[in-house]
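Working notes, beginning with the structure itself.
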2 protein chains.
Amino acid sequence: VSHLSLGPGGEFDRLRALFRRLGSAAGDLGDDCALVPIGGRTLAVSIDVALEGVHFRTDWLSFREIGWRATAAALSDLAAEGATPIGVLVSLGVPGDGQRATGNGSPAVQIMAGVAAAARNVGGRVLGGDLVRSRRYLVDVCVLGLADRPVRRSGARAGDGVWVTGRLGGAGLALAALRRKGGRARLPRSVFQRFAHPEPRVAAGRWLARHGARALIDISDGLAGDAAHLAAASGVRVEIALERIPCWPGVAPRAAAASGEEYELLVALPRRWGAREARAFRRATGLTLTRIGWCVSGTGLRVTDQGRPVTPPAGFDHFPAR
Amino acid sequence: VSHLSLGPGGEFDRLRALFRRLGSAAGDLGDDCALVPIGGRTLAVSIDVALEGVHFRTDWLSFREIGWRATAAALSDLAAEGATPIGVLVSLGVPGDGQRATGNGSPAVQIMAGVAAAARNVGGRVLGGDLVRSRRYLVDVCVLGLADRPVRRSGARAGDGVWVTGRLGGAGLALAALRRKGGRARLPRSVFQRFAHPEPRVAAGRWLARHGARALIDISDGLAGDAAHLAAASGVRVEIALERIPCWPGVAPRAAAASGEEYELLVALPRRWGAREARAFRRATGLTLTRIGWCVSGTGLRVTDQGRPVTPPAGFDHFPAR
């Protein structure tokens, strides 16, 4: 999940209400990261908690994968700011007695190995940590980066194109299989990896920031949900054509648009952007960049299927009101 | 608890082993804060997790106090670096359904009000947050500050005086009363406040950093435990005279030296420091500053009672191996 997801949906309404009450102590809470000017630079920071049974299950992922995935999710907020990672601080909750919990090869050590690998993978390091015995495994990751050209969610203007990096729906495909009895065994490795080993789009975010991106958000709540956040923050209507969405093989556009925790980037770019710029992006990052719609005057999200308006796919809510 | 407590004791050994395995990704993990140079300034960061049943109980503290206390504990790590707070990021875990959990006057809102008040109290603000439904209340606080003259644990030298701010033992007194049936009702308000509403010694830490402190640590694991950390980090022996410890009324020196979560500062100062400097400190901060011992050649901690060596009081371990 992102730093503070402001948009429609149960979790977002509650978070918004919660942080609104902080009054004057609150910073700029409506983006993937908070930005802090320091000595002529701009620090980008965000925090992202992952809890067993809510964000991961220990029978789905190894402890190393749990550490990687929680850290990659947090680093994705830096990517969505166009920031360069500095490092992470992580609080771990581990069940059991302390000796077994933190011995050689223990879950805590495995989780921290995954955390450290994910940080190193984007040029960051582990800056600090804390540890508590808890009933369920917990990995809370605070990320720090430098964003000399930060790209907020709020910069999109009517006329901008709406683009997405990579392909969507792989994480949802993996999640659906993991939820089925015996599904893990039949899951192709590439699909499982998409879920277990997400790669935050740090280089892509930086490239886009340097090349004039107007607004940027990572896809953690699902394309439809995050497009709605971007629309709300920018004061535009976002129109998305379902048939243009780059989908993971075997995934329908509607499912791809609803799939959460994809950790691709959704970006608003000037109208003139086209195939040539997308090719330059691909050369620089190895990722596709696909235009899936436009920003227009108005508010909210409009989704079409072959030109016909359809109901936007449901978002992805970690905190459903039961 | 501090950023990463390295010294004797079960928790510390396990943490040290855990973070040692991070290898080259690890930063400078042996201090209250990690230090990150940014644009000619020095950022100090730390993370500090508080979990219901381990660090607090909801029948002891109001939710607002829970938020304040968790945040004050984390900010104390900035104080122990001589840093000026910028702000905090906080992940909350709250039980129950999201609606009730985050509605008006709900626990989550009360906790965040306490977090924001503690941050504001030292000139900081809430920079970001995350929220998850969890079985137990959880408050994980990452603190950011500027430390242009950071004071590490490792700078003490043989010949330095060892000093402590304020008085010790109040938090332990409150904790003991809270653990007794009906103890809360008989607890004087000042003692309860010492536990529920600790004030991180931010101004004191800054003053000491500006006036030549050699080594600084906050008292979270108990004076004896934290003195041992300082000795280990600095490569000196710390000698403490029990009878010199400034004690909370009704607390014996031995209990005061064992009491954790006091959030006073333990500081090594040049030999020449005396009553005049302590008076200047008091004028600036409103706090007493008391010399309780010396740094000498050697290793470890030596505690005396009227000149006679005694066994150091036991430390304070949040993560006992059971």
| query | Rounded to the nearest 20 Debye, what is the dipole magnitude of chain A about its Cα centre when Lys and Arg each give +1 and Asp and Glu each give -1 at the C-beta? | reply | 720 debye
| said: If each residue of separation counts as 0.36 nm, what is the full-extension length gain between A:ARG179 and A:ARG41 once their alpha-carbon separation is subtracted? | reply: 45.2 nm
| Using 1/(1 + (r/R0)^6) with R0 = 60 angstrom and r between the beta carbons of A:GLU243 and B:THR58, what's the FRET efficiency to the nearest 0.05? | 0.70
| Measuring label to label, 7 Å along Cα→Cβ, what does B:ASP148 give against each other copy in nm, shortest first? | 2.3
| Taking the label point as lying 7 angstrom from Cα along the Cα-to-Cβ axis, what are the distances from B:ARG276 to the corresponding position in the remaining copies, in ascending order and in nanometres? | 7.5
| task | Pick out which of B:HIS55, B:HIS211, B:HIS197 has the largest mean-square fluctuation in a Gaussian network model of chain B, springs linking Cα atoms closer than 10 Å. | result | B:HIS211
| query | Using the Cβ atoms and a cut-off under 11 Å, what net charge is assigned to the surroundings of A:THR290, where Lys and Arg are +1 and Asp and Glu are -1? | reply | +3
| remark: Across B:53-65, the residue-averaged tally of Cβ atoms belonging to other chains within 10 Å stands at 1
| query | Restricting the count to DSSP beta bridges whose residues both fall in the protein assembly as shown, what percent are antiparallel, rounded to a multiple of 5? | reply | 75 percent
| Which of A:GLY225, A:GLY166, A:GLY123 moves most in a GNM of chain A, Cα contacts under 10 Å? | A:GLY123
| task | Provide the net charge surrounding B:THR304, with neighbours chosen by a C-beta distance below 10 Å and charges set as Lys +1, Arg +1, Asp -1, Glu -1. | result | 0
| Could you give the angle, 0 to 90 degrees to the nearest 10, between helix B:10-20's Cα long axis and the longest principal axis of the Cα atoms of chain B? | 80 degrees
| Shielding of B:106-116 by partner chains, average beta-carbon count, 10 Å | 3
| remark: antiparallel share of DSSP beta bridges within chain A, to nearest 5, in %, is 75 percent
| For the charge dipole of the protein assembly as shown, defined by +1 on Lys and Arg C-beta atoms and -1 on Asp and Glu C-beta atoms about the Cα centroid, which residue among A:GLY128, B:GLY169, B:VAL251 has the Cα displaced farthest towards the positive pole? | A:GLY128
| field | Linear extension gain, A:ALA252 paired with A:THR304, 0.36 nm per residue minus alpha-carbon span | value | 17.3 nm
| Charge context of A:ALA171, other residues only, Cβ under 14 angstrom, K/R +1, D/E -1 | -3
| Hey, what angle do you get for helix A:170-179 against the long axis of chain A, alpha-carbon based, 0 to 90 degrees rounded to 10? | 40 degrees
| task | Give the calculated FRET efficiency between A:ALA314 and A:HIS211 to the nearest 0.05, with a Förster radius of 22 Å applied to their Cβ-Cβ distance. | result | 0.10
| request: Could you check which residue among A:SER220, A:SER259, A:SER297 shows the biggest mean-square fluctuation in a GNM of chain A with a 10 Å Cα cutoff? | output: A:SER297
| note | Length gained if B:ARG271 through B:ARG149 is fully extended, taking 0.36 nm per residue and subtracting the Cα-Cα distance, is 41.9 nm
| message | Measuring nothing but label to label, 7 Å from Cα along Cα→Cβ, what are B:THR311's distances to the other copies in nm, shortest first? | response | 7.0
| task | Working from Cα positions, state the angle (0 to 90°, nearest 10) between the long axis of helix B:63-79 and the longest principal axis of chain B. | result | 30 degrees
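Readers should treat all values here as calculations from the given coordinates under stated rules, not as data from a laboratory. Keep in mind that this is a model prediction, so the values were computed, not measured. Neighbour counts run over all protein chains shown; Cβ positions are idealised from the backbone, glycine included.
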